[in-house]
Structure formats: structure tokens, C-alpha cells
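As C-alpha cells, the structure follows; a few thoughts come after it.
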Amino acid sequence: MSGASDTGPLGSYHATLDELAHKAHAGGLGSLAPDDVLLLNRLYRRLTAELARSRRDDPGSERTRQLNGFAARVHGLVYRRRSTATDAVGRFFAVTFPVGIASHLGTLALAVGVFLAGTAFSYGFIKVHPQKAHYLVPADFIENAEQGFRKENFEESTFDRWRQKPLYVSFYITNNVKVAFVAFAVGIAFAVPTVAILFQNGVIMGATAAIVERNGLLPNLLGWVSPHGSLELGAIFLSATAGMLLGWALIRPGRRTRREALRDAAHDVIVLVVGAAVMLVVAAFFETFVAPLPVPNPVKYAIGCVNSSILMLYVLHGHRLCRAGVKS
């Protein structure tokens, strides 16, 4: 293509320009040789001059309409803005991540269901058999749950946490990402460990709620959890969803080899894990800077409701994109 001529009978350059445009559309301008980029630019200027004359002499003709459409298509190549890292990040959170979530709502619902089953089981068991709580959780856990949210201890803990904010931000980010990563990584073992981790964490959540409620301190627990709970749990559920997708690819690879099935699942898995990691970082800041605030619990409930609503709207946004046929 390099060195093609734009001379000849009127309109003969259209085929050359069309060929260059198709090549650039397929591989980007970077796929063209330097001489072809210059040629594309020169032929585009010739096309716009021809279009201007046609609009002046015969504005309503079919030829003018065709020239206009051709020029519009090439214009997008010649003048399109180069994609930047900021564009890529913006597209990830505006399109790729929400579409990735919405594409696997069934698996996500299963992850949430397993967690809630563990929560309901332990909460109901301890409500009926409070003296047998040690069957489900260690004795030191029970003691911490009984004492940790008492008013005097809660206020002291709040003060200490505020004095060490940077330390706690680092701790929460590290701990939460670790839990989420493990829930994802063990999915490679046919998803069974991921399901077990979800159920186990649900058991811990239900046991904590039952023990704290028995001591009349449930509002303090809810006040602490509300600001960050939806983000933190949502991220863990998404990480577990990614792990379950890995496991499902191994369980039912179809006509593909298991290696091929894992490779095909990799894009969606990576999208969910990266998005979940960002959610955990945000959750850690809420847990460190908002949860300990010396404000009435209803204020914290309200913050939690706002965060949960934003998260639900985000998922609905992804669902609408999916229904519109947008790909991640």
C-alpha cells in the first residue's frame, strides 16, 4: 500500500482511501505505515474538498449524501482522540466492571445465598441454644463479641482507632483483600473451598449478631458495620463469584479442554477481582474514618443506606448496559 498514488480520473482515489480506512479501523492508525498515514490524511483533505463542491453545486443529490457519509467515517479515524490511561480507567468503572457484574448475577446470587445460609444457621442456632455457641465459634471469639461492643469499650476502641487512622487503613485494606483473594484463589479447586469460605464467614457473621444481640448491644454492632458493610461484603461476594467461575470452568468445560475453559473465563474473572479490590480499599477508608465517628448510630445507618443504594444503582446500570448489548 505504501506509496499508492492519488492521481487519475475523478473519484479513482476513493478506493485507495476506502482501503486505508478499513485497515485503520481494523488495527488502528498504528497499523499503517508512515507513508500510508500521510496518504490517508492527503486523500481525506481531497475528499472534503470534493464534498464541499458537491454541497455547493448539488446539495440534495445522492452523490453528496454518499460523500458526506464517507467523509464522516474517515473523519473519525483522522481526528479521533488517542486513548489514555485515564480513558481506560474511566471505561473500566463506567462500562467494563458493571457489565461484568451484571453478566454473572446468577453466580453472584448463589454466593450471597451461601453466605446468608451460614448467617441464618448460626444466628438461629445460638438464639435457641445460647449455651452451645462454642460449638460454632471459639470461646475467645464469644468473649470478644460479648465485651467488644459494650458502651465503655466501644468508646475507648473508637478513640484508639482515631489516633491510629493510617495504621488501621493499612490493616483493613490488607486483611480485607486477603479474605477476598483467598475466596477467589481457592475457586480453582472446583469452587468447593470458595463455597466453604462463604458459609464459614456467614456463620461468623450470624454468631456475632446473635451474641451481641443477647447482650443488648446490636445497635452498636450495626452502627459500626453499616458505613462499610455493603462495600466490604459486596467485594467479598464478587471475589467469591470470580472463584466460582473458575471452578465452574473446570467442572463443565464443555467441548473445550479445561485449560481452554479457564482461559475463556479469565477476562470476566480478572474484571471482577480488580473491581472488588478497589471496593475493598474504599470500604477500608469508611471502616477507619466513618465507622468510629462519635455520632448517633442512626447517622451511620443512613450512611450505610446511601452506600448500599449507590451499589444497587451501579448494578442496575450494568444490567441496563447488558440488555442494550454492550460488551465489557
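The values are calculated or read from the model by the stated rules, or taken from the named source; none is laboratory data. These numbers come from a predicted model, not from an experiment. Don't worry about glycine lacking a Cβ; one is built from the backbone with ideal geometry, like all the others, and counts go over all protein chains shown. These accessible areas exclude ligands, DNA and RNA; they are computed on the full protein's heavy atoms, side chains included. Shrake-Rupley method; radii C 1.70, N 1.55, O 1.52, S 1.80 Å.
Assuming PHE190 fulfils every condition listed in (1) over 23 Å from LEU136 (Cα atoms); (2) assigned to a helix (DSSP H, G or I); (3) touching a residue at least 40 places away in the same chain (Cβ under 8 Å); (4) open to solvent by 10 Å² or more (accessible area, probe 1.4 Å) apart from one, which condition is it?
PHE190 satisfies all of (1) over 23 Å from LEU136 (Cα atoms); (2) assigned to a helix (DSSP H, G or I); (3) touching a residue at least 40 places away in the same chain (Cβ under 8 Å); (4) open to solvent by 10 Å² or more (accessible area, probe 1.4 Å) except (2).
Of the residues SER83, SER54, which is part of a loop (DSSP other than H, G, I, E, B), hydroxyl-bearing (Ser, Thr, Tyr) and either modelled with pLDDT under 90 or open to solvent by less than 30 Å² (accessible area, probe 1.4 Å) (or both)?
On the way: SER54 fails: part of a loop (DSSP other than H, G, I, E, B).
Of SER83, SER54, the one residue that is part of a loop (DSSP other than H, G, I, E, B), hydroxyl-bearing (Ser, Thr, Tyr) and either modelled with pLDDT under 90 or open to solvent by less than 30 Å² (accessible area, probe 1.4 Å) (or both) is SER83.
So which of GLY247, GLY318, GLY234, GLY216 ends up being exposed (fewer than 14 other Cβ atoms within 10 Å of the Cβ) and among the small types (Gly, Ala, Ser)?
Criteria check complete, one pass: GLY216.
When SER309 is evaluated against the numbered criteria (1) exposed (fewer than 12 other Cβ atoms within 10 Å of the Cβ); (2) among the small types (Gly, Ala, Ser); (3) in contact with a Phe, Trp or Tyr (Cβ under 6 Å, 6 or more places away or on another chain), which criterion, by number, is the only one it fails?
Of (1) exposed (fewer than 12 other Cβ atoms within 10 Å of the Cβ); (2) among the small types (Gly, Ala, Ser); (3) in contact with a Phe, Trp or Tyr (Cβ under 6 Å, 6 or more places away or on another chain), only one is false for SER309: (3).
Please name all residue pairs, on different chains or six or more residues apart, with Cβ atoms under 9 Å, provided the first residue is in region 30-57 and is among the hydroxyl-bearing types (Ser, Thr, Tyr) and the second residue is open to solvent by 80 Å² or more (accessible area, probe 1.4 Å).
SER31/LYS23; TYR44/HIS75; THR48/HIS75; SER54/ARG63
So if I check each of VAL99, VAL179, which one is part of a helix (DSSP H, G or I), of a type outside the set (Ser, Thr, Tyr), under 18 Å from the mean Cα position of the chain (by Cα) and at pLDDT below 85?
Answer to the selection: VAL179.
Across region 89-101, what is the number of residues that are within 13 Å of VAL274 (Cβ to Cβ), in contact with a helix residue (DSSP H, G or I) (Cβ under 9 Å, 6 or more places away or on another chain) and open to solvent by 20 Å² or more (accessible area, probe 1.4 Å)?
Final tally of qualifying residues: 2.
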